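*Asks:* So that we are looking at the same thing, I have put the structure below in structure tokens.
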Amino acid sequence: MRVDGVPSLPACRVPLREGMICARQNAPLGADADLLRAADFLFPEKLDHHHLMVHSRLLGRVALEVARRLAGLGQLPDAVQPKQPGALREEQVVVIGGGPAGMSAAIAAAQRGARVLLLERDGRLGGAALLGVDADAPAAAWVEEHRRALVQANVEFVLDAEAIGIYPNDAAAGPAKPALIAVRRPAGLVAVLADAVVIATGGMSQPLPFAGVDRPGVYAARGLLALAVHQGVRIGSRVCVVGEGQELVDAARALRGAGYELARVVDAAWPNPSGEAVPPTAPDLPLLRSLELRARGNPVRELRAGEERISCDAIAVALPPAPAHELASQAGAAAQFSAQAGGFVVSADASGCTSVPWLFVGGRVAGAGGVRAADSGARAGVGVAERIGAARP
């Protein structure tokens, strides 16, 4: 959205404050008058913009410019924005991500003599562990216990600190620290030089393609849970959960525990590679299997699953989070697609070390989500301490 004259801000990440001026982008006539819906009629099967008008260089450039404008780039801010102060600091080990994997990595490295800085983009530690989705994963009590362990191990942890880039520090001469991390904080930008980095950024909720999925009222299940758990906000009272596998079952139970009434829990999984569907089993949930889904209403007030019409206040999409590999990939670490993980998993050895010698990964980024995240992070913490020569057992 455009907030206070500044374009392209993610509405889910901007804190509310009194007097904000918010405006939608790329919908000059309003969301109800969606002129771009004409593309659905012009391209009923699909629109492959990568191959659109590629046989003519001139038409290709026109198509590219149109696609860029449709992507929601927005206009320049209404006024010159105030300058943001910058800062530079040096650290031995930087851990990015304050969930179970990141906390375990920071504690393990600090206990072996490393000086550790832990960065978490949210205003609290714990990450997905606080949502109660992964039944066997660490919970809130575990998070509090390990927060105290961070303090005891002299780990500095900084909240509201988002790592927006990580680069090899090739510019400096001499025995320079090899990693450069760009960190965005409310008060300004910080450049952090480090001897080694552990990335434990968890995963990202994935969309499920069905008719009407882009309408207001369709949410990621973990996003709805975060609103309820951290802000005490629920979107209505009756929710329909759609998704696949164990994530569908666990998210539905967590939403019910957060106070939602479950209208239906719809398993929308396609058959697995062997050709057989493996639906989840949960006698305590109102399960339904359907591959034909359509959201109705603006905002959504109904989900049509096959022939069944399900009245609801919101639709929650529950697919396994894909590993947030982007920072590691940006730094040059190799990654491989994993159908089981639902995305690209960063390749690493048993200690969490990637193809970049100073870069380690733990948790879902390394393919170890849920209950395995903490152990994976602890191994990465031990590995990174050994990497920088902190030899304390």
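*Asks:* Tilt of helix 100-111 relative to the longest C-alpha principal axis of the chain, in degrees (0 to 90, nearest 10)?
*Replies:* Compared with the principal axis, the helix lies near 0 degrees.
*Asks:* Of Pro44, Val218, Val80, which is farthest towards the positive pole of the chain's charge dipole, taken about the Cα centre with +1 and -1 on the beta-carbons of Lys, Arg and Asp, Glu respectively?
*Replies:* So the residue furthest toward the plus end is Val80.
*Asks:* Moving to a separate point now. If all Cα-Cα distances of region 161-242 are sorted into 5 Å bins from 0 onward, what percent lands in each bin, rounded to whole numbers?
*Replies:* Binned Cα distances yield the sequence 3, 10, 15, 13, 12, 11, 11, 9, 7, 5, 2, 1, 0.
*Asks:* Taking the full set of protein chains and a 1.4 angstrom probe, give the accessible area of His325 in square angstrom, rounded to the nearest 10.
*Replies:* In the full protein context, His325 sits at about 40 Å².
*Asks:* Can you divide the C-alpha Rg of region 175-300 by 2.2 N^0.38 Å and report the result to two decimal places? Mind showing how you got there, number by number?
*Replies:* Numbers: Rg = 19.7 Å, N = 126, 2.2 N^0.38 = 13.8 Å.
Here the answer is 1.43, to two decimals.
*Asks:* Lys/Arg Cβ at +1, Asp/Glu Cβ at -1, dipole of region 320-393 taken about the Cα centre: which of Ala324, Val384, Gly342 is farthest positive-ward?
*Replies:* It is Val384, whose Cα lies furthest towards the positive end.
*Asks:* Bin width 20 Å, alpha-carbon pairs only: give the P(r) of the chain as whole percents, running from 0 to the bin holding the largest distance.
*Replies:* For the chain, the binned pair fractions read 24, 53, 22, 0 percent.
*Asks:* While we're on this one: For region 104-173 and region 322-363, compute the distance between their C-alpha centroids and round to whole Å.
*Replies:* Using only Cα atoms to place each centre, the spacing works out to 18 Å.
*Asks:* Output the lone cysteines of the chain: those with no second cysteine's C-beta under 4.7 Å from their C-beta.
*Replies:* Isolated Cys, the chain: Cys12, Cys22, Cys353.
*Asks:* In addition: Over region 229-271, with the other protein chains present, what is the accessible area per residue in square angstrom, probe 1.4 angstrom? Display every interim value, and only then the final one.
*Replies:* Details: 1780 Å² over 43 residues.
Accessible area per residue, region 229-271: 41 Å².
*Asks:* A further question follows. With a 1.4 Å probe and every protein chain left in place, work out the accessible area per residue of region 287-393 in Å², rounded to a whole number. Walk me through the numbers before you get to the answer.
*Replies:* Details: 4900 Å² over 107 residues.
Heavy-atom SASA per residue in region 287-393 reads 46 Å².
*Asks:* Something else now. Report the charge-dipole magnitude of the chain in Debye, nearest 20, computed about the Cα centre from +1 at each Lys and Arg Cβ and -1 at each Asp and Glu Cβ. Display every interim value, and only then the final one.
*Replies:* Numbers: 39 positive and 39 negative charges, 132 e Å.
Around 640 debye, computed over the chain.
*Asks:* Could you list the square roots of 5 times each eigenvalue of the Cα gyration tensor of region 40-137, that is, the equivalent ellipsoid semi-axes, sorted largest first and rounded to whole Å?
*Replies:* Numbers: eigenvalues 396, 111, 49 Å².
Largest first, region 40-137 gives 45, 24, 16 Å.
*Asks:* Among Ala135, Ala318, Ala187, whose mean-square fluctuation peaks in a Gaussian network model of the chain (Cα, cutoff 10 Å)?
*Replies:* Between Ala135, Ala318, Ala187, it is Ala187 that shows the largest mean-square fluctuation.
*Asks:* How big is the charge dipole of region 240-393 about its Cα centre, in debye rounded to the nearest 20, if each Lys and Arg gets +1 on its Cβ and each Asp and Glu gets -1 on its Cβ? If you can, show how the numbers build up before the last one.
*Replies:* Working: 14 positive and 16 negative charges, 59 e Å.
Dipole magnitude for region 240-393 comes out near 280 debye.
*Asks:* Please calculate the 1.4 Å probe accessible area of Arg147, with all protein chains present, and give it to the nearest 10 Å².
*Replies:* 80
*Asks:* Next question, about the same structure. Of Ala269, Ala149, Leu16, which is farthest on the positive side of the dipole of the chain, counting Cα position, with +1 on Lys and Arg Cβ, -1 on Asp and Glu Cβ, and the Cα centre as origin?
*Replies:* Working it through, the farthest residue towards the positive pole turns out to be Leu16.
*Asks:* I'm checking a number: the convex hull volume of the Cα atoms of region 283-335, normalised per residue, in Å³. What is it?
*Replies:* Details: hull volume 8.5 nm³, N = 53.
Normalising the Cα hull of region 283-335 by residue number yields 161 Å³.
*Asks:* How high is the FRET efficiency from Leu88 to Ala39, r the C-beta distance, R0 56 Å, rounded to 0.05? Before the final figure, lay out each step's value.
*Replies:* Working: r = 47 Å, r/R0 = 0.83.
After rounding to 0.05, the efficiency reads 0.75.
*Asks:* Counting C-alpha atoms alone, how compact is region 237-372: give Rg to one decimal and Dmax as a whole number, in angstrom.
*Replies:* Rg and Dmax of region 237-372, Cα atoms, are 18.2, 55 Å.
*Asks:* If you fit an axis through the alpha-carbon atoms of helix 140-152 and take the longest principal axis of the Cα set of the chain, what angle between them do you get, 0 to 90°, nearest 10?
*Replies:* 30
*Asks:* Sort 349-355, 331-337, 19-25 for me by packing, meaning the mean count of neighbouring Cβ atoms within 10 Å per residue, highest on top. Working shown, then result.
*Replies:* Working: 349-355: 17.7, 331-337: 15.7, 19-25: 10.6.
Ranking the peptides 349-355, 331-337, 19-25 by packing returns 349-355, 331-337, 19-25.
*Asks:* I'd like the carbon and sulfur percentage of the solvent accessible area for the chain, probe radius 1.4 Å, heavy atoms only, ligands and nucleic acids excluded. Show your work: numbers first, answer last.
*Replies:* Working: 11770 of 21610 Å².
The C+S portion of the solvent-accessible surface of the chain is 54 percent.
*Asks:* So how far, in whole Å, is the C-alpha centre of region 212-228 from the one of region 296-314?
*Replies:* 14
*Asks:* Right, here's the next one. Pairing the Cα long axis of helix 245-257 with the longest principal axis of the chain, what angle in degrees results, from 0 to 90 and rounded to the nearest 10?
*Replies:* It is inclined by approximately 90 degrees.
*Asks:* Compare the peptides 297-308, 101-112 by average per-residue count of other Cβ atoms within 10 angstrom and give them in order, highest first.
*Replies:* On the way: 297-308: 16.2, 101-112: 29.0.
The densest-packed peptide leads the list: 101-112, 297-308.
*Asks:* For the chain, what does -39500 (n - 2.57) per DSSP helix run (n ≥ 4), summed and divided by total residues, give at 222 nm, in deg cm²/dmol to the nearest 500? Don't skip to the end; give the middle numbers.
*Replies:* Numbers: 8 runs with 83 residues, N = 393.
Value at 222 nm, helices only, nearest 500: -6500 deg cm²/dmol.
The values are calculated or read from the model by the stated rules, or taken from the named source; none is laboratory data. Model, not experiment: these values are computed from the prediction. No Cβ is skipped: glycine too gets one built from the backbone with ideal geometry, and neighbour counts run over all protein chains shown. The area values use the complete protein model at the heavy-atom level, side chains included, leaving out ligands, DNA and RNA. Shrake-Rupley method; radii C 1.70, N 1.55, O 1.52, S 1.80 Å.
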